[in-house]
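So the structure is just underneath, and the comments pick up after that.
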Amino acid sequence: MKQEYHETKQIPKQIINKEYKAAAEQVGDIGKMVFVASLWILPAGGVASACLLKASDKFRPSAFKNKDDAVKE
């Protein structure tokens with residue numbers, strides 16, 4: 001979480017430096033975190049979010065992915 005917080009704080013600097021791709025990736029990570037957190041509102045949402053994250057890495061923010069998995073992509 002600390003890494004995601006640090007990366008999120010960097011978004012305005014990235015936009016100023018015209019690093020739009022990095023800023024867009026971080027905004028996408030925020031969206032993924034909001035989606036997974038919103039599942040907890042549903043009944044049995046904790047189980048659903050755990051299964052979703054276990055089944056696919058697409059829904060996991062980049063800070064929470066294994067370094068070995070990032071090399072494969």
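FYI, it's all coordinate maths here, none of it is from the lab. Please read these numbers as outputs of a predicted model, since none were measured by experiment. Glycine gets a Cβ as well: all are built from the backbone with ideal geometry, and neighbour counts include every protein chain shown.
Listed values, structure above:
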{"quantity": "Count, lysine Cα pairs under 19 Å in the chain, 8 or more residues apart or across chains", "calculated": "20"}
{"quantity": "Cα-Cα pairs of segment 2-62 separated by more than 14 Å (percent)", "calculated": "60"}
{"quantity": "Rounded to the nearest 20 debye, dipole of segment 2-62 from Cβ charges on Lys, Arg, Asp, Glu", "calculated": "40"}
{"quantity": "Residues whose placed amide H lies under 5 Å from that of Glu19, excluding near-sequence neighbours", "calculated": "none"}
{"quantity": "Residue range of the chain that is longest and free of trypsin sites (Lys or Arg not before Pro) which are both DSSP loop and sparsely packed (at most 16 other C-beta within 10 Å)", "calculated": "19-64"}
{"quantity": "Percentage relative contact order, the chain, counting C-alpha pairs under 8 Å, at least six apart", "calculated": "28"}
